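A quick write-up on the structure given underneath.
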Ligand SMILES: Cc1cc2nc3c(=O)[nH]c(=O)nc-3n(C[C@H](O)[C@H](O)[C@H](O)COP(=O)(O)OP(=O)(O)OC[C@H]3O[C@@H](n4cnc5c(N)ncnc54)[C@H](O)[C@@H]3O)c2cc1C
């Protein structure tokens, strides 16, 4: 266990690091620390690994019809491919099984303290961190442990971003509470928001609700999950690397050929170039719109009783409004240390200006996140290792954390919504991380 004395500097005899959360990010952090021979404590409030992919983890945003949005080929952790018999886009249960086998394979599971919640992390005067930890077996007996390093890997899709629909007297729920299409049976349902979850859930409603509609404030690009028989990300990676402006033009044209003019389906034209919002990978929504099983509407203007009026003047009665309006990226046990709730103040999405404080899983990007997570985990572990073994290199990177502010958008003019604050292009991010790691003498997989 960690020291409870407040001395400064790292030690080699007791864990100096706490990892919070055993979802994909926490597991990546644990593997990286173990690879570096660094000791750590690892706590998880649920009783097993997998994070939000465990539909039974209380408060998880997972729903029965959820599948991976990025394909299995490009979404695995380095050196641990997904099973060959997995489909291109695995189901949430398959992703959970993959994460559990990852944790078991690298002997991470036995080192996790389950049913253990971090309720607060504060900084000591000596620059260390005191974590208040509660075990489910003794909820009224909080334990205080002090660490040199804390890695928050507690996820960013737990705190719903709820919007108000004043005047509406029907049921209003956030998608975090949604599990099963049968919840829609016999109801007139309006899904608000066209992120990947919103589109999935709208398709569930198209199949099971008495009447289904989806409201989106702007037009989007809808990217099919397969192109020419290949998962779309594999297809995109198989061609030559093109400048972003050319890629936007070529793929934009291809999508117009494949989807045609989506305004014929009641959708709005995109008001931005391709890739300037988080990609929506969904071909089913266009299918259901084309079959009249769901209706597309613009944003909500007002509501009275059961009637919702949209910004184009159209109106419809609903029993249920399901808000697929995203999440706030909170760190509830240490918000003052991490800063902004939507976009925590972290260099390269991982390194805090508070020495010894890290975050993993905060990267918002246009590809599968696990490879970036793994690179960042290795960099965090290397930085922690440097603190004890290469102090000059450690100081050099502390200077980077304080002063380096790279543009990682890859030339994308992202729309100005909260979701895209701090959003990075995965190619630009990968290139930059590799460049930094190479300068620091750190090895990445
Ligand atoms: C429907 C859906 C589809 C997605 N599809 C993809 C995809 O195709 N590709 C992709 O790369 N990403 C996808 N994602 C993104 C997803 O966020 C990541 O895959 C991943 O689960 C995030 O991992 P994480 O470890 O950061 O967080 P989480 O999976 O949220 O795990 C955080 C863990 O921390 C624990 N925890 C939280 N607070 C505390 C505390 N105070 N004390 C102790 N433990 C705590 C939680 O119980 C949880 O186990 C998808 C997300 C959703 C919702």
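The values are calculated or read from the model by the stated rules, or taken from the named source; none is laboratory data. Keep in mind it's a predicted model, so treat the numbers as computed, not measured. Glycine gets a Cβ as well: all are built from the backbone with ideal geometry, and neighbour counts include every protein chain shown.
Tabulated data for the structure shown
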{"item": "Residue satisfying condition, being in the same structural domain as residue 130 (by TED's automatic domain parsing) and in contact with a helix residue (DSSP H, G or I) (Cβ under 9 Å, 6 or more places away or on another chain), within set 370, 333", "result": "370"}
{"item": "Sole exception among (1) under 19 Å from residue 267 (Cβ atoms); (2) in contact with a helix residue (DSSP H, G or I) (Cβ under 6 Å, 6 or more places away or on another chain); (3) surrounded by fewer than 22 Cβ atoms within 10 Å (Cβ to Cβ) for residue 208, by number", "result": "(1)"}
{"item": "Failed condition for residue 257, given (1) crowded, with 18+ Cβ neighbours inside 10 Å; (2) on the phi < 0 side of the Ramachandran plot", "result": "(1)"}
{"item": "Among (1) buried (at least 17 other Cβ atoms within 10 Å of the Cβ); (2) more than 24 Å from the chain's Cα centre (by Cα), the one test that residue 402 misses", "result": "(1)"}
{"item": "Filter result (out of contact with any helix residue (DSSP H, G or I) (no Cβ under 6 Å at 6 or more places or on another chain), within 12 Å of the ligand (Cβ to nearest atom) and under 14 Å from residue 356 (Cα atoms)) within segment 109-163", "result": "121, 131, 150, 152"}
{"item": "In segment 165-189, the residues that are more than 26 Å from residue 415 (Cβ to Cβ) and in contact with a helix residue (DSSP H, G or I) (Cβ under 7 Å, 6 or more places away or on another chain)", "result": "181, 182, 184, 185, 189"}
{"item": "Residue within segment 344-362 that is within 30 Å of residue 225 (Cα to Cα), in the same structural domain as residue 73 (by TED's automatic domain parsing) and surrounded by fewer than 16 Cβ atoms within 10 Å (Cβ to Cβ) present", "result": "no"}
{"item": "Any hit, segment 190-200, residues being over 19 Å from residue 69 (Cβ atoms) and either touching a helix residue (DSSP H, G or I) at 6+ places or on another chain (Cβ under 9 Å) or touching a residue at least 12 places away in the same chain (Cβ under 8 Å) (or both)", "result": "yes"}
{"item": "Candidate set from segment 30-64 (those that are assigned to a helix (DSSP H, G or I) and within 9 Å of the ligand (Cβ to nearest atom)); member that is surrounded by the most Cβ atoms within 10 Å (Cβ to Cβ)", "result": "51"}
{"item": "Boolean, residue 384 is under 22 Å from residue 152 (Cβ atoms), more than 16 Å from the ligand (Cβ to nearest atom), crowded, with 22+ Cβ neighbours inside 10 Å and modelled with pLDDT of 95 or more", "result": "yes"}
{"item": "Residue satisfying all of: in segment 314-372; in contact (Cβ under 8 Å) with a residue 60 or more places away in the chain and part of a helix (DSSP H, G or I); nearest to the chain's Cα centre (by Cα) among these", "result": "370"}
{"item": "Sole residue being free of Cβ contacts under 8 Å to residues at least 60 places away in the same chain and either more than 28 Å from residue 246 (Cβ to Cβ) or part of a loop (DSSP other than H, G, I, E, B) (or both), chosen from 405, 387, 445", "result": "405"}
{"item": "Strands (runs of 3 or more DSSP E) lying entirely in segment 87-198 (those with 1 or more residues that are in the same structural domain as residue 284 (by TED's automatic domain parsing))", "result": "171-174, 188-192"}
